[in-house]
Amino acid sequence: MKVLIASPEVYPFVKTGGLADVTGSLPKALKKLGVEARVILPKHKQIGNNFPLRYRNLKISCPISNKVVEAEIVESESDGIIAYLIEKDEYFYRDYLYSTPDGDYLDNAERFAFFSKAVLEAIKVIDYVPDVLHLNDWETALAALFLRLHYRDDPLLKNVATLLTIHNLGYQGIFWHYDMHLLNLGWEYFTPEYLEFYGKINFLKGGIVFADLINTVSKKYSQEIQTPEFGFGLDGVLKKRAKDLFGVLNGIDYEEWDPERDEKIAAKYSKLTIH
């Protein structure tokens, strides 16, 4: 089986929180199970030249509203895991990933609509067609929608299955309705059945509606988000997908977080040395 993990951040390339830890350690765990897994993420400014970068003239073009945005796919690798970096400095060569101390980037809808489209276009040029495209949080969620609506007849992509992981339902990618043009979709998709969310566009909702399967970080959390108390307004949509919604407890990379070998802690220890 081939898996491509799409995420806005992946450790050790770039990290702001736990999402990067999960998407960085998961492909290594899958590899031990005999699953071929690779990752794809934006080529953020923070990546710099800290990793080997291979330019193979892999160019893609993505329609964003009434323009075509071109980008390049750069190959890299870490701990034996191949990574594809989407290089588009206009969107990703910034001091921060999502927001500045003054607030979110005003073009986040465009940046991550592009990223979701670019993931699919990248598959067509990297010579790696996954059986499963693993999407993570709102920044990649629309890839499930685009795959179903824009690529359903594409011979290379039509059989790719999608899994959407919700790490934190509190972050949904909500934007004003005038950003619909960025998605190159008709207004028939701006409805409560699809993308509309209290008069705005909800990227995560689009992924929930169109992904083949959905999972969260634990069985308990998968149950909680189907309630008004913890559903952040999406509990009804998640209830409709209940048979396709699973909870998988987050794991940990024991090699990365081994206190017997960790050079970043004040004193190493093990279960035998704690009293």
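Here's a check for you: in the stretch 38-94, which residue that is of a type in the set (Asp, Glu) and part of a strand (DSSP E or B) is surrounded by the fewest Cβ atoms within 10 Å (Cβ to Cβ)?
Out of the qualifying residues, it is Glu70.
For Arg148, state whether it is in contact with a Phe, Trp or Tyr (Cβ under 6 Å, 6 or more places away or on another chain) and not acidic (Asp, Glu).
yes
Among the numbered criteria (1) more than 20 Å from Ser116 (Cβ to Cβ); (2) assigned to a helix (DSSP H, G or I), which single criterion is violated by Ile208?
(1) is the only condition that Ile208 fails.
For Gly247, are the conditions met, namely being surrounded by 15 or more Cβ atoms within 10 Å (Cβ to Cβ), within 18 Å of Asn168 (Cβ to Cβ), touching an Asp or Glu at 6+ places or on another chain (Cβ under 9 Å) and not charged (D, E, K, R)?
no
Please verify whether the stretch 154-164 includes one or more residues that are small (Gly, Ala, Ser) and crowded, with 21+ Cβ neighbours inside 10 Å.
no
Throughout, read-outs are computed from the coordinates displayed, never taken from laboratory work. Here the structure is a predicted model, which is why all the values come from computation and not from measurement. Note that we place each Cβ from the backbone using ideal geometry, even for glycine, and neighbour counts take in every protein chain shown.
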